[in-house]
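Take a look at the structure set out below.
The values are calculated or read from the model by the stated rules, or taken from the named source; none is laboratory data. Everything numeric here is computed off the predicted structure, so don't read it as measured data. No Cβ is skipped: glycine too gets one built from the backbone with ideal geometry, and neighbour counts run over all protein chains shown. Ligands, DNA and RNA are stripped out before the accessible areas are found, and what is left, the full protein with its side chains, is counted by its heavy atoms. Shrake-Rupley method; radii C 1.70, N 1.55, O 1.52, S 1.80 Å.
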Amino acid sequence: AQSVSQHNHHVILSEAASLELGCNYSYGGTVNLFWYVQYPGQHLQLLLKYFSGDPLVKGIKGFEAEFIKSKFSFNLRKPSVQWSDTAEYFCAVTSSGGSYIPTFGRGTSLIVHP
Amino acid sequence: SAVISQKPSRDICQRGTSLTIQCQVDSQVTMMFWYRQQPGQSLTLIATANQGSEATYESGFVIDKFPISRPNLTFSTLTVSNLSPEDSSIYLCSVESNGSEQYFGPGTRLTVT
């Protein structure tokens, strides 16, 4: 069975600070990787995804994530956060060619102070 | 993409009663999913609902407690039965598209008193 670990449960930053949220997964096969975001009062929505190809994936709002297969990691980054990035961030994984039902990490709460 | 709506958005229910949550999708989909999101915890899949067949429940979730209906390709309901305070949570409906990308509804916040 696959699992996802998000190491940072709560992150507090000031605007313009750089962000990196850790995500590690455990699964022996080929995976699809996702970051979802839930802004206050809004739906959970896809931020970015990796299926194959370039391991550096760019998403919406200046976010990017890098898939490092040897480390089973898919960390989310943003060079300069804004107050509007305050949200809950979830990493998720599905197995390629298998069940398309994702396994989610427990989420990271990000608060950005103006 | 898919647009999903849920009703109610929130409710406060008494112990021992039941709450039925509705999920409507703006397009026909084969599978719909029901998740529970407890504070500070991950999203937990409750069950997968196919149209025309019984729902498939994940470990720890049973049909008697969480009966699901899927009468057509755009609609599903989840009932949380015999409520206890431990059932207080956010319940989310979702559908899959684009090779395992999930689209989520806004959620239903349930508080059991």
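Looking at A:S84, is it among the small types (G, A, S) and modelled with pLDDT of 90 or more?
Here the answer is yes, as A:S84 does meet what is asked.
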On the basis of being open to solvent by less than 50 Å² (accessible area, probe 1.4 Å), within 10 Å of the chain's Cα centre (by Cα) and hydrophobic (A, V, I, L, M, F, W, C), does A:F67 make the cut? no
Selection status of B:R36, charged (D, E, K, R) and either within 13 Å of chain A (Cβ to nearest Cβ) or crowded, with 20+ Cβ neighbours inside 10 Å (or both): yes
B:L78 being of a type in the set (A, V, I, L, M), more than 12 Å from chain A (Cβ to nearest Cβ), in contact with a Gly (Cβ under 8 Å, 6 or more places away or on another chain) and in contact (Cβ under 8 Å) with a residue 40 or more places away in the chain: no
Restricting region A:91-114 to residues that are facing chain B (nearest Cβ under 7 Å) and in a strand (DSSP E or B), the residue that is nearest to A:V57 (Cα to Cα): A:T94
Scan region B:39-54 for residues that are under 22 Å from A:G105 (Cβ atoms), part of a strand (DSSP E or B) and open to solvent by 30 Å² or more (accessible area, probe 1.4 Å) and jot them down. B:T44
Report the residue count in region B:55-113 for those that are of a type in the set (S, T, N, Q), open to solvent by less than 40 Å² (accessible area, probe 1.4 Å) and not in a strand (DSSP E or B). 5
Identity of the residue in region A:10-39, in a loop (DSSP other than H, G, I, E, B), out of contact with any Phe, Trp or Tyr (no Cβ under 8 Å at 6 or more places or on another chain) and modelled with pLDDT of 90 or more, that ends up farthest from the other protein chains (Cβ to nearest Cβ): A:A16
Of the conditions (1) in a strand (DSSP E or B); (2) away from chain B (no Cβ under 14 Å); (3) within 27 Å of B:P39 (Cβ to Cβ); (4) not small (G, A, S), A:K61 clears all except one; give me its number. (1)
Test result for A:F104, within 24 Å of B:Y103 (Cα to Cα) and touching a residue at least 24 places away in the same chain (Cβ under 8 Å): yes
Which one of these is under 29 Å from B:T48 (Cβ atoms), out of contact with any Pro (no Cβ under 9 Å at 6 or more places or on another chain), among the β-branched types (V, I, T) and surrounded by 20 or more Cβ atoms within 10 Å (Cβ to Cβ): A:T103, A:T94? A:T103
